[in-house]
1. Relative contact order for the chain: what is it in percent, counting Cα pairs under 8 Å that are at least 6 residues apart?
2. Against the longest principal axis of the chain, how steep is helix 94-129, in degrees 0 to 90 to the nearest 10, with axes from Cα atoms?
3. Cross-link candidates for residue 175: which lysines have Cα within less than 27 Å, leaving aside residues fewer than 8 places away along the same chain?
4. For the stretch 52-136, what mean projected area does the convex hull of the alpha carbons give, in nm²?
5. Would you mind telling me the share, in percent, of accessible area of the chain contributed by carbon and sulfur at probe 1.4 angstrom?
6. Using a 10 Å cut-off on Cβ atoms, rank the peptides 81-88, 130-137 from the highest mean neighbour count down.
7. Give me the distance between the Cα centres of the stretch 44-99 and the stretch 112-164, rounded to whole Å.
8. If you stretched the chain out fully between residue 157 and residue 140, how much longer would it get, using 0.36 nm times the residue separation minus the C-alpha to C-alpha distance?
Amino acid sequence: LDTGGVVLYANESAARLLGQAAGALVGRTLFDMAPEMSPALWNELWKEIRVRSPFTFEFALCGSEDHPLQTDMTVHYLRPGGRELSCVFFRDVEERKRLQTLQQEFLSTASHELRTPMTVIREGVSQVLEGLRGDINDSQRRSLSIALKGIDRLGRIIDELLDISKIESGRATLKRDR
């Protein structure tokens, strides 16, 4: 792309992803293919690209259809012969997002399915340790105490997995302690 967002070259991979011939992309502007992009936004991005090359962001592109394709775009700043250009690489991220959603759903379901029986087991072990189910000897008390610590540890691991999942998906809310 040049500084005005005009496509100067498109390879076959880009053309295939956008559903057009490579030659049909040459001469088009980024604004034709990116519904969210405006000349003002491109000028702001261009300032960042000059300073922080390579510069990566997520963006929707449209090819021959009106269906936008969510992409990760990485833009490299080039200055061949004093002319400012950018080399843009983009990758379809829809499959990655679909897999992330499946992963989050799996973690949520698995943690719930683990937590329910674990709660019942923990309560049962606690009742025996507290003597609510009869007397136990020291050896039994030590074994049950170890089991209870293991159950609590497993609960913390499940909580941490859920927290990581929330952070990765952007659903986590952070609260600052004062």
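The values are calculated or read from the model by the stated rules, or taken from the named source; none is laboratory data. For clarity, every value in this text was computed on a predicted model and none was experimentally measured. Note that we place each Cβ from the backbone using ideal geometry, even for glycine, and neighbour counts take in every protein chain shown. Just so you know, the surface numbers come from the protein's heavy atoms only, side chains and all, with ligands and any DNA or RNA stripped out. Shrake-Rupley method; radii C 1.70, N 1.55, O 1.52, S 1.80 Å.
1. On the way: 184 pairs, mean separation 25.1, N = 178.
That works out to 14 percent.
2. With rounding to tens, the tilt is 10 degrees.
3. Once the sequence-local lysines are set aside, what remains near residue 175 is 97, 166.
4. Result: 11.0 nm².
5. Values: 6610 of 12150 Å².
The nonpolar share, carbon plus sulfur, comes to 54 percent.
6. Values: 81-88: 12.9, 130-137: 9.2.
Answer by packing, highest mean first, reads 81-88, 130-137.
7. 51 Å
8. On the way: separation 17, 0.36 × 17 = 6.12 nm, distance 2.56 nm.
Between residue 157 and residue 140, full extension yields 3.6 nm more.
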